[in-house]
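The values are calculated or read from the model by the stated rules, or taken from the named source; none is laboratory data. As the structure is a prediction and not an experimental result, all values here were calculated from the model. Quick reminder, even Gly has a Cβ in these numbers, built from the backbone with ideal geometry, and neighbours come from all protein chains shown.
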Amino acid sequence: MKLDMIIDSIKKIIAFIKQYFKTNILFMAFVISSVINACILRFVTVKNYFDIRPVIADLAIVLIVGAFGYFIKPKHQFRYYLTWSIIFTLICLINSIYYTNFLSYASFSLLETLTQVFSGITGAVTENIMELKDFCYIWQIIVIIFVHRKLKKREYYEYVATIEIGKVRALNTMVAGLIFIGMFISTLTSTDISRLDKQWNREYIVMRFGIYTYQVNDLVATLKAQINPLFGYDEHAKAFREFYETKDNTHKTNEYTDVLKGMNVIAIHAESMQQFVLDTEFNGEPVAPNLKRLASEGLYFSNFYAQESVGTSSDSEFTFNTSLMPASSGTVFVSYFDREYVTIPKLLKEQGYYTFSMHGNNGSFWNRLSAHQSLGYDKFYNYKNDFEIDETIGLGLTDKSFFRQAVPYIKEISEQNKNFYGVLIMLTNHTPFSDITGHTDYEVNYKYQMLDEETGEMKEMVAPYMEGTKLGNYFKSYHYADEALGQLLDDLDAEGLLENTAIVIYGDHDAKLKTSEYKRFYNYVPETNSLLPSDDPAYVNVDYYTYELNRKVPFIIWTKNKNLQGEITKVMGMYDVLPTLGNMMGFSSNYALGHDIFSVDENVVVFPDGNWLTDKMYYNQSNDTGKLLNPDDTVSVEYIEKYTEIADQTISISDSIIVYDLIRKTKEAQELLGQE
């Protein structure tokens, strides 16, 4: 009898399951397709193949979203699930494209900078549009429409309407979603929760929590950033005070102290210039002969890294000028430009300098018209307002035309002011680089000699090598920009503007090209127009760490009299520029998070995602792994914990300064105490 009851119960369960699947086909298609798309996105971006935890998190989100569809009559549920399928597809599609171009995930905070984002990647997206990995997610929408039409023909919705109790199914589905959430939460560590709250390590969050959880959390973080100044001030102000009370701000003199004091400075913001190109040539012709010459004649910091986030070029400008990190949510130039910052232009104005900036793009791009004023520039010369638009490439005025028109302005400024500090922001070498075609005759092919068996003579052969590739176009664009730099220096010298002037050149960020481009560059076989097989001893594997370490950019300080020369190999970040230049020019900021590179024994470069780099190792906080730069070196657990804590604290303090306007509030408090 008991056996019969057990068999009968099993039959009922099986019948219930069959009935559930038969009457929830559209819902199941929505859930399965949404979760599969989320998995595909992780597979093609962070290569997270075997972790079940983000699958559970994504499934929980999809179940809860899907549950609300049961409050709608069956014949109208299609519209609900199609709408959410489109939303989830767009989440995967946009993040895939964004990751392809920026090696990060999209954020709701970017809505404020939508014009900049689309202007910056439109060309790149167009070039990538045929890539399956960026557009394979659309299948979900097709599947939902296909399933709906099949069900409609079978009068499925009418049948379901006779047996479905919407509220009950909605409740049961929500409970299932909450169960999965509970299962997922039980696997979380304090580190996971901390990183989810901070949101700055986007790769880690997607790897650990899934793309849908990331996007929900990002929305919360974006909204929180808008109301943060109203809440939590005391806690962040306390951490800020304690940090700077214990920070050693003692100025240490060294052989470079005051070597540039009283000199004019022209800083060149070199768009997308990477350091490795200085040593790259094709057929004996260097890509960047002028930059290479300046590096050999000046102070050359060969392990210098940008620290930009979603604000790309604008982030680099901010960090260069303030020695603070980019904002974790949104961009400083758009969301937090009206805060008080201690900057290079302001510090030099205290010494009587006239400060200015120039750019061959529209002044509203990245909100520079307002942001540059906030940084302390006396004037911002920009596209359309101050330059004749006689020659354009990509986003605006060509670098050659820009520099040619900039020199008379600088000449006039020098005649009217004892000292000046100016930043010239380059533009031509901006992604997608394909617009350079027709503006340079530089070749990126491979020429070699081969014996002609018929004539017995050597003849020149030409293999395409990097021609027709994105990296090849980058080299051509870089070469054009380098020519523009050479022209600028010649024009400045002709006007006598280099006699008491230091030229500071910094790359704002890397070119953000894909790993496959570098694999061709390093492993090309010209005779067969193919790549070395991966098992060949000469094959160069461009893995994650090779790619990350190769993202360093040039930083050069050059003077005409060549009184500053040498290669500085110590690792250095963009936030180290202000204290390093400050030591050389006689100014300092009490709020600088970087260091004078000549006054530290071991430096650390903190990246906005929490990763960090020292002369010993690169550490990836996303997966808690690192790479020793010298395999013979060793580091302790305490070493890793020390710099991980420094990285977290640096990002946190910088965010507090930016969001809560703590520098302004500190000054106001000091003035109030002084009055009392």
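Quick look at the values:
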quantity: Which listed residue, of 635, 600, 606, 659, is without any contact (Cβ under 8 Å) to a residue 60 or more places away in the chain and within 30 Å of residue 349 (Cα to Cα); calculated: 600
quantity: Which listed residue, of 515, 501, 528, is at pLDDT 95 or above and polar (S, T, N, Q); calculated: 501
quantity: Residue 553 vs. criteria part of a loop (DSSP other than H, G, I, E, B) and surrounded by 13 or more Cβ atoms within 10 Å (Cβ to Cβ); calculated: yes
quantity: Filter pass, residue 625 being β-branched (Val, Ile, Thr) and over 24 Å from residue 590 (Cβ atoms); calculated: yes
quantity: Candidate set: the stretch 623-659, residues that are among the hydroxyl-bearing types (Ser, Thr, Tyr) and surrounded by fewer than 20 Cβ atoms within 10 Å (Cβ to Cβ); chosen: the one nearest to the chain's Cα centre (by Cα); calculated: 652
quantity: Filter result (in contact with an Asp or Glu (Cβ under 6 Å, 6 or more places away or on another chain) and more than 19 Å from residue 521 (Cβ to Cβ)) within the stretch 450-470; calculated: 459
quantity: Verdict on residue 96 being assigned by TED's automatic domain parsing to the domain that holds residue 161 and at pLDDT 95 or above; calculated: no
quantity: Selection status of residue 415, surrounded by fewer than 23 Cβ atoms within 10 Å (Cβ to Cβ), of a type in the set (Asp, Glu) and not in a loop (DSSP other than H, G, I, E, B); calculated: yes
quantity: Wholly enclosed helices (runs of 4 or more DSSP H) of the stretch 560-676 bearing at least 2 residues modelled with pLDDT of 95 or more and touching a His at 6+ places or on another chain (Cβ under 7 Å); calculated: none
quantity: All positions within the stretch 483-517 that are touching a residue at least 60 places away in the same chain (Cβ under 8 Å) and part of a helix (DSSP H, G or I); calculated: 483, 484, 485, 486, 487, 488, 489, 491, 492, 493
quantity: Residue match in the stretch 172-182 (condition: surrounded by 14 or more Cβ atoms within 10 Å (Cβ to Cβ), assigned by TED's automatic domain parsing to the domain that holds residue 72 and in contact with a Ser or Thr (Cβ under 8 Å, 6 or more places away or on another chain)); calculated: no
quantity: Residue among 205, 211, 185 that is farther than 28 Å from residue 26 by Cβ, buried (at least 19 other Cβ atoms within 10 Å of the Cβ), modelled with pLDDT of 85 or more and among the β-branched types (Val, Ile, Thr); calculated: 205
quantity: Residue list for the stretch 505-557, restricted to those being closer than 26 Å to residue 268 by Cβ and of a type in the set (A, V, I, L, M); calculated: 505, 511, 513, 549, 553, 556, 557
quantity: Residue, modelled with the highest pLDDT, within the stretch 423-440, restricted to residues that are part of a loop (DSSP other than H, G, I, E, B) and buried (at least 24 other Cβ atoms within 10 Å of the Cβ); calculated: 426
